[in-house]
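The values are calculated or read from the model by the stated rules, or taken from the named source; none is laboratory data. Note that the structure is a prediction, hence the values are computed from the model and not measured. With ideal geometry, Cβ positions are generated from the backbone for all residues, glycine too; neighbour counts draw on all protein chains shown.
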Amino acid sequence: MTTAAINPKIGTTMKSLVYHGPGQKAWEDKPYPSIKESGDAIVRITTSTICGTDLHIMKGDVPTVTDGRILGHEGIGVVEQVGSGVTEFHVGDKVIISCVTACTKCDFCRKGMYSHCRTGGWILGNTIDGTQAEYVRIPHADGSLYHFPDGGDEEALVMLSDILPTGFECGVLNGQVKPGDTVAIVGAGPVGLAVLLTAQFYSPAAIYVIDLDDNRLAVAKKFGATTVINSSDGKAVERVLELTGGAGVDVAIEAVGIGATFDICQEIVAAGGRLANVGVHGKPVMLHLEKLWSHNIALTTRLVDTVTLPMLLKIVLSGKLQPSKLATHRFALNDIQKAYEIFGNAAKESALKVILTNK
C-alpha cells in the first residue's frame, strides 16, 4: 500500500476530545491517525460541531461507545493523506465529512442504506475515533467524503454532515410529507429545526412545532412553523387536537428521543397518519398498540444514510436553504469543553448548533 507523504508539520500526537465513560470526557493528546486500509484518508479538521447524539453518548445511552473513544461525527476539513485505493480525492482537497461511512459496494449500500454498510455505517465517534479532534481517519473515503464547493460557507455546509440529512431523511422522507399535510414536529432542537426547514420543500398546509423552550419555539416560528406550542403545561396533545378539529396530524415527527415526546406523537397522529421517529432513544418507550392497532398508522425508524447530501448541497448553494441560521455559538476547537457546557445547557444559553473552528 502506498500513501501520500506525511506532512512534516504534523507531529506524532494531536489534541482531541476523548470519552471516558458516562459524564466523563477530556481534551487530551492522542496518537495522530494513520492509514490502515487502502481506501482511507486522513483529514485535518477545519470546522466541526456537537450533535445531540453526542449528549446521548455522554449520558451513557450509546453502549457501543467505549472508554478512550474520540467523539464527533460531523466536520469539514482538508485531506492530508490518502491510501492507494482512493481515487476521488487528493491531498489538499477540502471536503465535507459524512457522519455515515459507506463502502458503496455491499448489499446494504447498494440499497442506499449506507447507515448499515457492512464495513461502515455510523462508526465515526462511535466504534472508531471521530471528528472532534485536529485530525481524523476516514475509512472508505470515496464513499464517505464530498468535495467542498468553491466559495462555500463552512458554518452552513457542516450542517450537511448530519443534521440536515437526518431531519430530511428520517423525518420528512420517512414521514412521507406531502402537499397539504398537517405536520407536527415534537422537539425544536437542531434536528427538529432541520425537519422544519426541509419539510417546507413539500408545502404542507400546517406545521406545528412542540417544545418546552420558548426561545427554540420563537426560532421555529421564524423558520416557518405555522403554530408553536409550549408543552410544559401538559396540554400539547389537547392543543393539537383543537387545531385539527379532533382528527390529529397527518405526520407526527419525534425529534428528541425520550418517552414523553414519543407519547405525544402517538396521541396526536391521525388515523391513516405516519409517525416518524428521528430521536436517539436510550431507554424503552411504550408503544400503545391497544389504541393504535386499528388506526391504520405507519411507524418508521431510521438511522440517517446521508444519501440526500448531494441534493441538499445543491439547495444550500442555491440559497433556498440556509442552515447557517442554526449556528448560535462559536468556539475554537481547543475550547470544546466550554462548547459542550453551553450546548448541554441549551435552554439556558439559547443554544442551537455550536461551531468549532480549528485554526
Meets criteria (more than 14 Å from Ser144 (Cβ to Cβ), touching a Pro at 6+ places or on another chain (Cβ under 9 Å), at pLDDT 95 or above and surrounded by 12 or more Cβ atoms within 10 Å (Cβ to Cβ)) for Ile35: no
Unique match (being out of contact with any Phe, Trp or Tyr (no Cβ under 8 Å at 6 or more places or on another chain) and over 30 Å from Gln81 (Cβ atoms)) among Asp214, Asp162, Asp153: Asp214
Cβ pairs under 6 Å, 6+ apart, first in segment 127-145 and among the aromatic types (Phe, Trp, Tyr), second crowded, with 22+ Cβ neighbours inside 10 Å and assigned to a loop (DSSP other than H, G, I, E, B): Tyr135/Pro33
Cβ pairs under 9 Å, 6+ apart, first in segment 168-192 and over 11 Å from Val278 (Cα atoms), second part of a helix (DSSP H, G or I) and of a type in the set (Lys, Arg): Ala188/Arg216; Gly189/Arg216
Residue list for segment 212-228, filter: without any contact (Cβ under 8 Å) to a residue 60 or more places away in the chain and of a type in the set (A, V, I, L, M): Leu217, Ala218, Ala220, Ala225, Val228
Which listed residue, of Gly151, Gly234, is at positive phi and modelled with pLDDT under 95: Gly151
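Residues are listed down the side, and each one gets a yes or a no for (1) more than 20 Å from Ala327 (Cβ to Cβ); (2) in the same structural domain as Gly257 (by TED's automatic domain parsing); (3) in contact with a Pro (Cβ under 7 Å, 6 or more places away or on another chain); (4) at pLDDT below 95:
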site: Leu124; (1), (2), (3), (4): yes, no, no, no
site: Gln132; (1), (2), (3), (4): no, no, no, no
site: Arg137; (1), (2), (3), (4): yes, no, yes, no
site: Asp142; (1), (2), (3), (4): yes, no, no, no
site: Val158; (1), (2), (3), (4): no, no, no, no
site: Glu169; (1), (2), (3), (4): yes, yes, no, no
site: Leu173; (1), (2), (3), (4): yes, yes, no, no
Residue in segment 54-75 that is surrounded by 22 or more Cβ atoms within 10 Å (Cβ to Cβ) and over 21 Å from Asp29 (Cα atoms) present: no
Residues that are part of a strand (DSSP E or B) and among the charged types (D, E, K, R), drawn from segment 60-108: Glu80, Lys94
Checklist (1) assigned to a loop (DSSP other than H, G, I, E, B); (2) surrounded by fewer than 22 Cβ atoms within 10 Å (Cβ to Cβ) applied to Gly130, failing item: (2)
Residue list for segment 229-262, filter: of a type in the set (A, V, I, L, M) and surrounded by fewer than 20 Cβ atoms within 10 Å (Cβ to Cβ): Val237, Leu241, Leu243, Ala247, Ile258, Ala260
Matching residues, segment 271-324, being basic (Lys, Arg) and in a loop (DSSP other than H, G, I, E, B): Lys283, Arg302, Lys320
Matching residues in segment 297-322 - criterion: being under 16 Å from the mean Cα position of the chain (by Cα) and within 25 Å of His281 (Cα to Cα): Thr301, Arg302, Leu303, Val304, Asp305, Thr306, Val307, Thr308, Leu309
Of all residues making up segment 36-64, the number that are touching a strand residue (DSSP E or B) at 6+ places or on another chain (Cβ under 6 Å) and not acidic (Asp, Glu): 10
Elements of type strands (runs of 3 or more DSSP E) in segment 202-269, at least 1 residues being of a type in the set (S, T, N, Q) and more than 20 Å from the chain's Cα centre (by Cα): 227-230
